[in-house]
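Step one of this worksheet: look at the structure below.
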Amino acid sequence: MHHCRGDHPLGYAKSSISALGFSRRDFKVSGRRVPLEGFDLQAAQLCVSSLIEQCQSGLKAPINGNTFVLTLIDGLSPNEERFLVTLDTALGRLPHFGGSAGDDVNLANTHVYSDGAFHAESAIVVMFNTHCPFEVFTTHHIESLDSKLVVTQADSTARRVYEFNAEPAAEVYAREAGITLEDLRPEIYALHPLAVLIGDQYYVRSIQKVNEDRSLDFTARWMTGLW
């Protein structure tokens, strides 16, 4: 598992733990572990209500405008996207961000940690209430090229793309990256990311692996369309 620490001179590090603390004087924090399976709108609303109720005992400022939510989630779960959309609906105007658990490039088992144990098919939802000013934002370093790929065959549930532009997905991707099919590997996926354009923002869809049928597995869902 990789952990990032802002003041680490080597950037990403293995076999390490990062800790981040929040002053009780300025922050009221509440959190809970939530199973991803069966997480519907009613469960999401109960989750949000419970977190708000936990915050009430030490509220630093009114909930609206002074609260944000962090989600840490099992990154290999097929329920990840549905969970996040449902939670966002229940949160309404409360800003929400987070990250997905990984396991290096093994792509076998991912977990989140809560109450002394590791859990799969789960998310940790943490609510922060504060009188301090804050802003939730996203950024990336990618630059768009002229190439556009159309997903013409895919299995969204499995996060798998079979075809780009009516050709085997891995062949098209290798050609666009300027390498042979045999040279595809995780380092290439990182150097040549694919992204979907929504509005005026690019959202990276990271490749997990190449399959024997020359399809590509991704770490996030999407719908058939233009990349």
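Taking other residues whose beta carbon is less than 13 angstrom from the beta carbon of Leu191, and scoring Lys, Arg as +1 and Asp, Glu as -1, yields -3. Other residues within the sphere of radius under 12 Å centred on the Cβ of Ile63, judged by their own Cβ, net out at +2 (K and R +1, D and E -1).
With helices as the sole contributors, the chain gives -5500 deg cm²/dmol at 222 nm; each DSSP H run of n ≥ 4 counts as -39500 (n - 2.57), and the sum is divided by every residue.
Based on the Kirkwood radius over alpha-carbon pairs, what value in µm²/s does the Stokes-Einstein equation return for the translational diffusion coefficient of region 2-130 at 25 °C and 0.890 mPa s? Working shown, then result.
Details: Rh = 15.7 Å.
Rounded, D is 156 µm²/s.
Taking Cα extents along the principal axes in Å as calculated from this structure, the corresponding entry among (1) 53, 42, 27; (2) 46, 45, 28; (3) 59, 42, 34 is (3).
Each peptide in 179-191, 139-151 receives the mean, over its residues, of other Cβ atoms within 10 Å, and ordering these scores from highest gives 179-191, 139-151.
With a Förster radius of 22 Å, plug the Cβ-Cβ distance of Lys14 and Asp115 into 1/(1 + (r/R0)^6) and report the FRET value to the nearest 0.05. Mind dumping the intermediate values first?
On the way: r = 25 Å, r/R0 = 1.14.
So, using R0 = 22 Å, E works out to roughly 0.30.
When the Kirkwood radius is taken over all Cα pairs of region 117-177, what Stokes-Einstein diffusion coefficient follows at 10 °C and 1.306 mPa s, in µm²/s? Can you show the working numbers first?
Numbers: Rh = 16.3 Å.
Once the numbers are plugged in, D ends up at 98 µm²/s.
Full extension of the chain segment joining Glu176 with Asp40 gains 45.0 nm, where the gain is 0.36 nm per residue of separation less the Cα-Cα distance.
Rule-based calculations on the coordinates, nothing more; no lab input. Bear in mind that the values here come from a model prediction, so they are computed numbers and not experimental data. No Cβ is skipped: glycine too gets one built from the backbone with ideal geometry, and neighbour counts run over all protein chains shown.
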